[in-house]
Amino acid sequence: MPEPSVRFPDGFLWGAATAAYQIEGAVAEDGRGSSIWDTFSHTPGAVLRGDTGDIACDHYHRWREDLDLLRDLGVGAYRFSVAWPRVIPAGTGPVNPAGLDFYDRLVDGLLERGITPMLTLYHWDLPQALQDTGGWANRDTAEHFADYASVVHGRLGDRVPYWLTLNEPYCSAVVGHLEGRHAPGVRDERVAVTAVHHLLLAHGKAVAALRAGGATGQVGITCNLTSVHPASDDPADVAAARRLDLHENRMYLDPLFRAAYPEDAAAHYAPVTDFGFVRDGDLQLIAAPLDFFGVNYYERHHVAADPADPVRGWRRVPPEHPTVTDIGIHPEGLAEILDRVAKEYTPLPLVVTETGLALHDYAGPDGEIADDERIAFFDGHIRAAHDALTRGVPLIGFFPWSFMDNFEWASGYGVRYGIYYVDYPTQRRTPKRSARWYAGVIRANGLE
Ligand SMILES: CO[C@H](O)c1c[n+]2c([nH]1)[C@H](O)[C@@H](O)[C@H](O)[C@H]2CO
């Protein structure tokens, strides 16, 4: 095999990623409790065409077949999430042994196939019973999360080397509590900023719990980070871009790596909150030392001042060539945020825990699912990741989103991100052209 022109270090972690609510189904099986996404997806108008995760990819029953596909891909690691309501149905209180048993079998199945597990403790599926007592607006939920983390680690900590506490606190807090497009469907900025803090606090408490449980694995968190640029050098646009960067990036990076909220946060959010929810010691807990940091990258924003709200608002300038999810494709933005995190925030090893492209995939007359756009997307983003690596960024892994088509939150099954195609009526999995291409990247440990 010829040496690849873009070669990654030996041992680089080529993975694939999913999340529990998006693939498992079996939402009322073996003692699983209800989550906020069960409630939200069954709320009329909340999700495209009323789609739900009730069945999804039926992974709960087909996990052996799916692990075989991961083995065939040749991935070194698999990023999955544990459904909190499957393990502790009410979010706090009694543990459901059958729920833990499922993940125990899954982890053993990965290890038997030579695949390293990367476990996300929370990928948005909060137990509904905790939402009924305030959810992330209630500080107690952070404590319950730490207890849940201890339970999962107690059962799987001897075999799982990579632990991510949260997937994208921004999405849980802002998309779920300000924009209301995700569960629990709240539209209240004060609640959203409070949720940011309680989610970060939950992360800090969970890190402490994992360490107390003797965690020998690597502990981290995944944040979705965006590349933010002013649409012009007009000072109003530059200021708007800085506000969006605060809202999407620095509100997470600063507490996690500097033990403080950004200096412009208090003024920006002053109309809705005085940050009275922060207690002594919180920020030190949130900034607990980690072993690695996960970056989810999808968007590069061009930002202009919002004429309707020039002081606090921003307007994302629509991309010239929008994807089916109305975002642009900017692989250079991945290199930019990896450089930024490494230079401005932390020397920790970094993992691209998600990046991917939504398409309306279909099989042609020859049965081929020719998702060449997705291959071009990953080619560009892998090259960008390699650029950052050659500049000294300690990048140790790359996990395309997603292993298989799945329930895409408010878009339901209306868009597809997988490198494996899922025919939902039959649950048949079919490798797309991108899956065969990615298997080649893994074999070559790089790109031609
Ligand atoms: C705003 O965050 C990123 O846009 C983002 C994109 N995505 C995500 N975060 C989530 O982590 C996944 O569960 C989604 O399926 C995936 C595709 O939408």
Open item on the list: Just checking, does segment 154-167 include any residue being within 23 Å of F277 (Cα to Cα) and not hydrophobic (A, V, I, L, M, F, W, C)?
Closed with: yes
TODO: State the number of residues belonging to segment 122-173 that are charged (D, E, K, R) and crowded, with 21+ Cβ neighbours inside 10 Å.
DONE: 2
TODO: With the condition kept exactly as written, say whether any residue in segment 418-428 is over 25 Å from L48 (Cα atoms), modelled with pLDDT of 95 or more and not small (G, A, S).
DONE: no
- [ ] Among the residues of segment 321-335, count how many are within 16 Å of the ligand (Cβ to nearest atom) and either part of a strand (DSSP E or B) or touching a residue at least 40 places away in the same chain (Cβ under 8 Å) (or both).
- [x] 7
Open item on the list: I need the full set of residues from segment 1-35 which are open to solvent by 10 Å² or more (accessible area, probe 1.4 Å) and β-branched (V, I, T), in order please.
Closed with: V6, V27
- [ ] Considering only segment 336-448, give the strands (runs of 3 or more DSSP E) lying wholly within it that have at least 3 residues that are closer than 30 Å to E3 by Cβ, within 16 Å of the ligand (Cβ to nearest atom) and open to solvent by less than 50 Å² (accessible area, probe 1.4 Å).
- [x] 350-354
Task: Positions within segment 16-50 being touching a helix residue (DSSP H, G or I) at 6+ places or on another chain (Cβ under 9 Å) and within 16 Å of S402 (Cβ to Cβ), in sequence order - done: A16, T18, A20, Y21, Q22, I23, E24, G25
Open item on the list: Based on this model, can you work out whether P318 counts as under 30 Å from F399 (Cβ atoms), in a loop (DSSP other than H, G, I, E, B), without any contact (Cβ under 8 Å) to a residue 24 or more places away in the chain and not polar (S, T, N, Q)?
Closed with: yes
Open item on the list: Any residue that is within 17 Å of W409 (Cβ to Cβ) and not β-branched (V, I, T) - is there at least one of those in segment 151-158?
Closed with: no
Open item on the list: List pairs: first residue in segment 30-56 and closer than 17 Å to L126 by Cα, second residue open to solvent by 60 Å² or more (accessible area, probe 1.4 Å) anywhere in the structure, Cβ distance under 7 angstrom, at least six positions apart or on different chains.
Closed with: T52/H42
TODO: Report whether or not T52 is under 20 Å from D423 (Cβ atoms), among the β-branched types (V, I, T) and modelled with pLDDT of 95 or more.
DONE: yes
Task: Residue in segment 268-280 that is outside any helix (DSSP H, G or I) and basic (K, R) present - done: yes
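The values are calculated or read from the model by the stated rules, or taken from the named source; none is laboratory data. Source: prediction; values computed, not measured. Every residue, glycine as well, gets a Cβ built from its backbone with ideal geometry; the counts of neighbours run over all protein chains shown. Note: areas computed on protein heavy atoms with side chains; ligands, DNA, RNA excluded. Shrake-Rupley method; radii C 1.70, N 1.55, O 1.52, S 1.80 Å.
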